Amino acid sequence: MNLEVARTGGFAGISRTGTVEVDDTVGGALGEQLAALGAHDPRPDRFVYRLTLGERTVTVGEHQLPDELRELVDRALG
């Protein structure tokens, strides 16, 4: 299972994309985390992340990412 990450925004507006492979156990827990993130809460000059896991895609601000998810996002973007 893959987590696809697209990061946009920020002060310079530079976009980056990447993918990280997660096992099914992590993927199940990750799906629950994505569902719990809630609606995107935009902030000026902050990064925005579009996270896709299987059929689920969510868009969140950098301030909304929990630490566990931030580690996977950082790995995906290298």
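General observations
- So Leu69, is it outside any strand (DSSP E or B), under 17 Å from Gly18 (Cβ atoms), among the aliphatic types (A, V, I, L, M) and out of contact with any strand residue (DSSP E or B) (no Cβ under 6 Å at 6 or more places or on another chain): yes
- Within the stretch 49-60, residues that are farther than 14 Å from Val73 by Cβ have Cβ atoms under 8 Å from residues that are assigned to a loop (DSSP other than H, G, I, E, B) in these pairs: Gly54/Met1, counting only partners at least 6 apart in sequence or on another chain.
- Complete set of residues in the stretch 49-73 that are surrounded by 13 or more Cβ atoms within 10 Å (Cβ to Cβ), more than 9 Å from the chain's Cα centre (by Cα) and not small (Gly, Ala, Ser): Leu53, Gln64
- The set of residues in the stretch 30-48 that are loosely packed, with under 12 Cβ neighbours inside 10 Å and out of contact with any Gly (no Cβ under 8 Å at 6 or more places or on another chain) comprises Glu32, Ala35, Ala36, Gly38, Ala39, Pro44.
- Positions within the stretch 18-48 being over 17 Å from Glu68 (Cβ atoms) and free of Cβ contacts under 8 Å to residues at least 24 places away in the same chain, in sequence order: Ala39, Asp41, Pro42, Arg43, Pro44
- Filtered by the rule that a residue be surrounded by 13 or more Cβ atoms within 10 Å (Cβ to Cβ) and either touching a Cys at 6+ places or on another chain (Cβ under 7 Å) or in a strand (DSSP E or B) (or both), the stretch 1-18 gives Asn2, Leu3, Glu4, Val5, Ala6, Arg7, Thr8, Gly9, Arg16, Gly18.
Read-outs throughout are calculated quantities, based only on the coordinates presented, and are distinct from any laboratory measurement. Every value quoted in this text rests on a predicted model; they were computed, and no experiment measured them. All Cβ positions, glycine included, derive from the backbone under ideal geometry; neighbour counts span all protein chains shown.
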